[in-house]
Amino acid sequence: MLRHELCSLDRRTVGLLAGSCLPAAVAGTFAADRVEARLGRPPQLAVLLAGAGALLWLADRRGPQSAASDLQHRPPKIIRRSPRDTPGESDGKLLMIKEQGSGEPGVGPRETAYAALAQVAALAPGVSRSGATLTALRAAGVDRAPAQRFSLLMSLPVTAGAAVLTLARSDRTTLRALSPSLATGATCAGLAGAAAAWTQQRRPGRSATGPALYRLGLAAVVARRVLAEHRSSRKDLL
């Protein structure tokens, strides 16, 4: 499913995706550690998770909800060509006909710039790259289906680059100690990407309420833990 998404890209979309990676790549290289050190504690994490979930829900609710975007992202039709259609062609040859035009509908340089800045904001712990870009695209007026597809495609190179940067900065001892966790994380990330691509192909234009509620739920769990630790520390002082 993910392979189909990548193979269906045209030059314009590839150019937009390539340009959208630059701000996050530069910011991640020089500021990722400082951002994580400042915002990686549980209280900030709870606030960031809740804020990201609320903004995603609001942007999706207020953004356009056109049914035409579903038609734009149907997979190509496969038909059987008869020799009567074109002389000299062998009987039963399969053809693939794409119904959509070139490029991502509603995603231009302006919308891509907003999404690129959102990926920079996703350096903060608790803010997912795909969620941040989806929020930005929906707030910029992009329909659900193309916004979801473009945010998924945008997250792939930046996520891969972040993983490579982490590996490059780690020494051999750390890599050996973390190799089981890294292998598990890479497998889960691949499965999650494949699942997201499958869902995007089968159910384009789905609501973002589920992912937003998921983030709000995580924020509630983290906040509850923070409050429990705070109460425990107060009891110890008394």
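Any read-out appearing in this document is the output of simple, stated calculations on the displayed coordinates, not a laboratory observation. Just so we're clear, the structure is a prediction, and the values are computed from it rather than from any experiment. So basically every Cβ, Gly included, is an ideal-geometry build from the backbone, and we count neighbours across all protein chains shown.
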Given 52-60, 36-44, the highest-first ranking by average Cβ count within 10 Å works out to 52-60, 36-44
Peptide ranges 109-121, 126-138 listed from the most packed, as the mean C-beta count within 10 angstrom indicates: 126-138, 109-121
For labels at residue 65 and residue 177 in the simple 7 Å Cα→Cβ model, what's the distance in nm? 5.0
